[in-house]
Structures are given as structure tokens and as C-alpha cells.
1. Which one is least open to solvent (accessible area, probe 1.4 Å), of the residues in segment 21-37 that are under 27 Å from Arg209 (Cα atoms) and out of contact with any Gly (no Cβ under 8 Å at 6 or more places or on another chain)?
2. crowded, with 17+ Cβ neighbours inside 10 Å, under 16 Å from Arg11 (Cβ atoms), hydroxyl-bearing (Ser, Thr, Tyr) and at pLDDT below 95, is that true of Ser256?
3. How many residues are surrounded by fewer than 17 Cβ atoms within 10 Å (Cβ to Cβ), part of a loop (DSSP other than H, G, I, E, B) and modelled with pLDDT of 85 or more if we restrict to segment 227-249?
4. Looking at Val67, Val125, Val106, Val99 in this structure, which one is touching a Gly at 6+ places or on another chain (Cβ under 9 Å), part of a loop (DSSP other than H, G, I, E, B) and hydrophobic (A, V, I, L, M, F, W, C)?
5. Within segment 52-96, how many residues turn out to be acidic (Asp, Glu), open to solvent by 10 Å² or more (accessible area, probe 1.4 Å) and under 27 Å from Arg142 (Cβ atoms)?
6. Being open to solvent by 10 Å² or more (accessible area, probe 1.4 Å) and among the hydrophobic types (A, V, I, L, M, F, W, C) is the filter here, so list the residues in segment 1-20 that pass it.
7. Please determine whether any residue of segment 319-329 is under 29 Å from Phe43 (Cα atoms), at pLDDT 70 or above and either crowded, with 19+ Cβ neighbours inside 10 Å or among the basic types (Lys, Arg) (or both).
8. Considering every residue within segment 273-288, establish whether at least one is out of contact with any helix residue (DSSP H, G or I) (no Cβ under 8 Å at 6 or more places or on another chain), part of a strand (DSSP E or B) and either among the hydroxyl-bearing types (Ser, Thr, Tyr) or open to solvent by 50 Å² or more (accessible area, probe 1.4 Å) (or both).
Amino acid sequence: MPAPLADRFGRPLRDLRISVMDRCNFRCPYCMPESTYHEHFRFLEARERLSFDEIERVARVAASFGVTKLRLTGGEPLLRPQLPELIARLAAIPGIEDVALTTNGVLLERHAAALKQAGLHRITVSLDSLDPAIFARMSGGRAQLTPVLESIASAQALGFAGGVKLNTVVQRGVNDEGVLDLLDYFRNTGVVVRFIEYMDVGNRNGWEREDVVTSRDLLTRIVTRWPLEPLSPHYRGEVAKRYRYRDGAGEIGFISSVSEPFCGDCSRARLSSEGQIYTCLFATKGTDLRRILREEDDAALQKALAQVWRDRTDRYSEERAERRADKARGKIEMHYIGG
């Protein structure tokens, strides 16, 4: 069996995020703005995306190197037909302890039971606001809020082993004033809300540093209403700093890539739906595994994945200021590799 992998900074490979679909039924301005991803935009054809067999091969090789966690992303992963079949195959791989899914929630209610039966461990729903108008704005006018809330409630009722979490990207002057309302709605439900600092992912969201509401600022607002106490990390490299309400109403988290970079413990690789492997959310290029998957054996796949990770030096969030000065270095778009 191959030895566990470590990159040039000694960071192990533990998490693989797998994009199963480059399409999405939302047009969030910070990810897939309608102006770019319009009705004539060319997305991948089915033959260009990795098959379930190919995804499983990559996951098995990754598990042999020490990966224990898989997360299915998009685009919107629930647009991929027969997704529970893939989840069942991934959950059965020796060494895989956790299979998770990130979704915008619109299609979740109709699929949640099948996903759980297939072996999905936990679900994360992206939800940026409880205000219907702001929700519509931040989803590009492609969905209504009520079905998403109903999907979250349905998933929570099913009792996924790892629970249901929400990811909320907070932008100053857009949805930051609704933070307390969002928390109030999900207190005492068991759903964990996690606030994500607005990041300069991809090349089209017009990111400016002043649009960021830092986790520290949010924490200050929240504790004036509900006292919190910090929780210890579950594991090395956990991206969210976790807190619980002192009154026992649940847990919340903060993902602070801008103000408090966590590159030093990053253990995540990302596989795009067409088979490119990326070693950072802010990567400028990937390595083609699809050609190897379609032309060579698992030994070649092992060699390629090992080389990619051992050569890894990514720490974009720690170098953001100097890297953003290089305008020529276009980053991969988030809808290709998930969040």
C-alpha cells in the first residue's frame, strides 16, 4: 500500500472534494454571475465529465494515500443523475470514514432519503439570507427561499449521522444585517450555521477587501445577544472555528480565510468534474487525471496523484496581497471545483 502523502510543508492529504457537475441552477453573483453564465454559456458535455467508475478510481487511490473524507460538490451536485449510486460506491471504499455533500438545497427534499440510505454522512446547505429579496438577489433570481428551508427541515428530520450544516457567505452591505435573524431561526434545531468570510474566489465576483465582514466583527455582534463559548477543534486542519451557545441552543462556526488564514493545516485536494486535480481553492492550474484514467492503469494514477501533492506549496490566503497584485494569474472558477 502506498505511504501517506505529505506536501512540501508537511501537510498530509486527508480530504478530497469531488465536483460531480459544473452546472448550477443558481447564478450567485460571487460564484456564477448571470452575465457570464448565461443561456448560451457552454458547460461540459456528459462525456467530458468523469464517470462514476472514474471518480471511484480516484477516490480509491486517494484513500490508499490516507484520505478519509470525501465531499461531493458542484456546481450543484444534485443535478447529477443517479447521485445516490455514486455515494454508495464511495462510502464502501476501505478507509473512507465520511462522505459529505454541499448543495444549494433546492433539490434536496426530493433526494434526501435516498442520499441517506446510500450512506451519505452529512449535508451542508448554502444559504445566505432569510430575507426573500436578499435570497433572490444572492441566488441570481433563480429560486425561492421557502423550498430551501423545507429541504433543510426534511434533511434534519432524517437524522444524518454527521448532521446538517449551513454555509453563509457574508458580504458587507448585502446580507450582513441578517446574521442575527438567521441564527435566531436555527437556534435549538440542531442545524449548525457557519459564516464564511467573502473571498476572492475565481475571477468574476469583483471582490474588494472592504466588502469582507470579518469573523471577529460577526462574533462581536452575536455575543451582544447570545453569549458564546469556544469549542476545541475536532481534528487538525478543521477550517471552522466552533462556538456553542452558553444557553445550550446549539453550535455555530466561522470560516475566516481572509482575516485568519488556515493554509498551514490545509489537507484538501479538489477534483473537478472533468478530471483536473487542484491543490488549492485559489489555484491557477490543475493536473489532468482524466487522460490517465482513460488511458493508463492505477499505478500511473497513484504516481500522478502522489507527485501533485508532494510538489504542493499552495498558501494563497497567507500570500493574498502579493498574489492579487499579479492580475495575469487567473484563478480557477469555484463552480468547477466547489467551495
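1. The extreme case among them is Tyr37.
2. no
3. Summing the residues that are surrounded by fewer than 17 Cβ atoms within 10 Å (Cβ to Cβ), part of a loop (DSSP other than H, G, I, E, B) and modelled with pLDDT of 85 or more in segment 227-249 gives 8.
4. Just a single option satisfies the conditions, and that option is Val67.
5. Residues that pass the stated criteria total 1.
6. Met1, Ala3, Ala6, Phe9, listed by residue number.
7. No: zero hits.
8. There is at least one residue in segment 273-288 that is out of contact with any helix residue (DSSP H, G or I) (no Cβ under 8 Å at 6 or more places or on another chain), part of a strand (DSSP E or B) and either among the hydroxyl-bearing types (Ser, Thr, Tyr) or open to solvent by 50 Å² or more (accessible area, probe 1.4 Å) (or both).
The values are calculated or read from the model by the stated rules, or taken from the named source; none is laboratory data. Everything numeric in this text was worked out from a predicted model, so none of it was measured. No Cβ is skipped: glycine too gets one built from the backbone with ideal geometry, and neighbour counts run over all protein chains shown. Each accessible area value is taken on the protein alone, full model and side chains, heavy atoms only, with ligands, DNA and RNA left out. Shrake-Rupley method; radii C 1.70, N 1.55, O 1.52, S 1.80 Å.
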